[in-house]
1. Please work out which residue is surrounded by the fewest Cβ atoms within 10 Å (Cβ to Cβ), limiting yourself to the range 198-222 and to residues that are under 14 Å from the mean Cα position of the chain (by Cα) and among the polar types (S, T, N, Q).
2. Between LEU61, LEU86, LEU45, which is within 28 Å of VAL214 (Cβ to Cβ), among the aliphatic types (A, V, I, L, M) and part of a helix (DSSP H, G or I)?
3. Under 8 Å between Cβ atoms, at least 6 apart or on separate chains: pull out the pairs that start in the range 227-247 with a residue that is farther than 19 Å from GLY280 by Cβ and without any contact (Cβ under 8 Å) to a residue 40 or more places away in the chain and end on any residue that is among the hydroxyl-bearing types (Ser, Thr, Tyr) and surrounded by 14 or more Cβ atoms within 10 Å (Cβ to Cβ).
4. Output yes when any residue across the range 271-294 is part of a strand (DSSP E or B), modelled with pLDDT of 95 or more and assigned by TED's automatic domain parsing to the domain that holds LEU151, and no when none is.
5. Out of ARG142, ARG112, which single residue is crowded, with 19+ Cβ neighbours inside 10 Å, modelled with pLDDT under 95, more than 30 Å from GLN296 (Cβ to Cβ) and touching a Lys or Arg at 6+ places or on another chain (Cβ under 9 Å)?
Amino acid sequence: MTLQQDIRDFLTSRRARITPERAGLPAYGGRRRVAGLRREEVALLAGVSVDYYNRVERGNLRGVSGPVLDAIARVLHLDEAEHAYLHDLARTANSTPVTRRGAVSRGGAVSRRGAVSRTVRPGLRRLLDAMTEAPAAVVNGRMDILAANRLGRALYAEVLDHRGLPGNLAHFGFLSPRGRTFFPDWERTADDSVATLRSAAGSNPYDRDLSDLVGELSTRSDEFRTRWAAHDVRFHRVGTKRFQHAVVGDLTLSYETMDLSADPGLVLLAYTAEAGSPSGDALRLLASWAATQEQQAAASGQAADNA
């Protein structure tokens, strides 16, 4: 997919969702040839010419100002994540050199958040290790688990075993045989994973590792490919997630994600369970299991050194 195609498909899909009535236009008799708004209706409501909006929806966001993007977002009823995604696409379009034939040069992209990071500072690792009662991990926009504390490694043991560290949540969810059982709410998890990757792609459309992951998932998973084509984006800041853990069974955990301002593109993800709940008891059991595993690994390493 090219940047122009991404812009075109995103705007076309969002426009198709908005009926004239929802946009505040008077209802007209007769059949309409499109499911949602017409391009000329979006142009009218956004306060731009039809030719100008046609150029935008064909995938050309070069030179489009922030206020115009905001007006289009308002007309199309974009939510916060979709609005940010549109601005990311425009930022990339305006920071990418154009060749003589008009194609974008893949080497010159500059994004708001920079390349998808795959490194974690020592200070962040110490912070993770200090969090002893909550599973926690540092995750990037590609959904790589870059680092985790003891409980986080225990919670995501199967994900990390799937490919090693850094484990990738999307790869595990779509391609591991255990993905559908580890995440009992698999359909919602799959939707969220693709929406997260789509947001990351809007910020970093030329990140090779991200492109390779999307390409592999698109090739090997029909479920991923269908969701990717929908161009849905979403922010995941707080919520509840269910797990079916191989050691402790069912877990229902609340999660919080925190952007790390000193490390653009990275988030700190932490889980908690309600005190006295079955999940709280299971989390304590998981902590005990993780400590035992760590002690056994240390003892095995010491025995090997002494041999």
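1. In this case the residue turns out to be SER211.
2. LEU86
3. TRP228/SER218; ARG237/THR257
4. Yes, there is a match, as at least one residue in the range 271-294 is part of a strand (DSSP E or B), modelled with pLDDT of 95 or more and assigned by TED's automatic domain parsing to the domain that holds LEU151.
5. Checking each option against the conditions leaves just ARG142.
Yes or no, residue by residue, for (1) acidic (Asp, Glu); (2) surrounded by 15 or more Cβ atoms within 10 Å (Cβ to Cβ):
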position	(1), (2)
ASP232	yes, yes
ARG237	no, no
LEU251	no, yes
ALA262	no, no
GLU274	yes, no
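Residues checked against (1) within 21 Å of LEU89 (Cβ to Cβ); (2) assigned to a helix (DSSP H, G or I); (3) among the hydrophobic types (A, V, I, L, M, F, W, C); (4) modelled with pLDDT of 95 or more:
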{"site": "GLU187", "(1), (2), (3), (4)": "no, yes, no, yes"}
{"site": "ALA200", "(1), (2), (3), (4)": "yes, yes, yes, no"}
{"site": "SER211", "(1), (2), (3), (4)": "yes, yes, no, no"}
{"site": "TRP228", "(1), (2), (3), (4)": "yes, yes, yes, yes"}
{"site": "PHE243", "(1), (2), (3), (4)": "no, no, yes, yes"}
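Residues checked against (1) closer than 22 Å to ARG198 by Cβ; (2) among the hydrophobic types (A, V, I, L, M, F, W, C); (3) in contact with a Phe, Trp or Tyr (Cβ under 8 Å, 6 or more places away or on another chain):
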residue: LEU25; (1), (2), (3): no, yes, no
residue: ARG32; (1), (2), (3): no, no, no
residue: ARG38; (1), (2), (3): no, no, no
residue: GLY59; (1), (2), (3): yes, no, no
residue: GLU80; (1), (2), (3): yes, no, yes
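The values are calculated or read from the model by the stated rules, or taken from the named source; none is laboratory data. Small disclaimer: the values here were computed from a predicted structure and weren't measured. Note that each Cβ is placed from the backbone with ideal geometry, even for glycine, and that neighbours are counted across all protein chains shown.
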